[in-house]
Amino acid sequence: MTIDDTGTTVPAQAKSTASGRIRVEVGAQRVRVEVGGVVVAESGSPRVLFETGLPARYYLPKGDVRMELLEGTDTSTHCPYKGDAEYWSVRVGDRVYADVAWSYPEPITEESAGIAGLVAFWNVDLYVDGVLQAG
């Protein structure tokens with residue numbers, strides 16, 4: 001259970017209904033990330049970020065990510081709700097998957113503070129409770 005930005009207690013797997021732009025929940029799902037057929041991350045303690053108009057994103061503790069496979073890049077982006085993101089590429093053998101992981105070291109809003117220093121992925125195979133997620 002979490003408390004959303006309206007002060008309401010909601011279950012961890014509830015759909016985003018908060019009146020704010022983003023909400024972060026402590027998840028109980030088992031999340032596995034594969035890149036090029038290699039497991040890059042596996043966690044039972046994700047933070048799930050719900051953002052209006054976007055799919056849920058799973059942010060994982062760095063201790064659950066095979067950081068030795070990640071290579072920092074010069075890419076950075078800014079979100080008015082989360083702050084400045086840093087990016088990593090994933091190297092699997094001789095192949096590099098560019099900018100597929102990111103983190104917000106210092107989120108700029110109270111709503112996004114729960115993802116500080118955690119790692120999220122996109123354009124990868126993401127499994128939640130053993131089910132491959134679309135897109």
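Any read-out appearing in this document is the output of simple, stated calculations on the displayed coordinates, not a laboratory observation. These figures come from a predicted structure and were not determined experimentally. Backbone-built Cβ (ideal geometry, glycine too); neighbour counts: all protein chains shown.
Taking a label point 7 Å from the Cα of Glu71 along the Cα→Cβ vector, which residues of segment 80-113 have an amide N closer than 11 Å to it?
In segment 80-113, the label zone of Glu71 (backbone N under 11 Å from the point 7 Å along Cα→Cβ) covers 89-99.
What list of ³J(HN,Hα) values in whole Hz, one per residue of segment 103-115 in order, does the Karplus curve 6.51 cos²θ - 1.76 cosθ + 1.60 (θ = phi - 60°) give from phi, with Gly and Pro shown as x?
Listing the rounded values in order: 8, 10, x, 9, x, 9, 10, 4, 4, 9, 4, x, 9 Hz.
As I understand it, the dipole of segment 2-132 uses +1 on the Cβ of Lys and Arg and -1 on the Cβ of Asp and Glu, about the Cα centre. Which of Leu126, Val92, Leu60 lies farthest toward its positive end?
Going by the Cα projections, it comes out as Leu126.
In segment 2-132, what is the volume of the convex hull around the alpha carbon atoms, normalised per residue and reported in Å³? Don't skip to the end; give the middle numbers.
On the way: hull volume 13.1 nm³, N = 131.
In segment 2-132, the Cα hull volume divided by residue count equals 100 Å³.
Within segment 35-78, which residues have the backbone N less than 13 Å from the label spot 7 Å out from Leu132 along Cα→beta-carbon, could you tell me?
Once the point is set 7 Å along Cα→Cβ of Leu132, 35-38 turn out to lie under 13 Å by backbone N, inside segment 35-78.
If each of Cys79 and Leu54 carries a label point 7 Å out from its Cα toward its Cβ, how far apart are those two points in nm?
0.3
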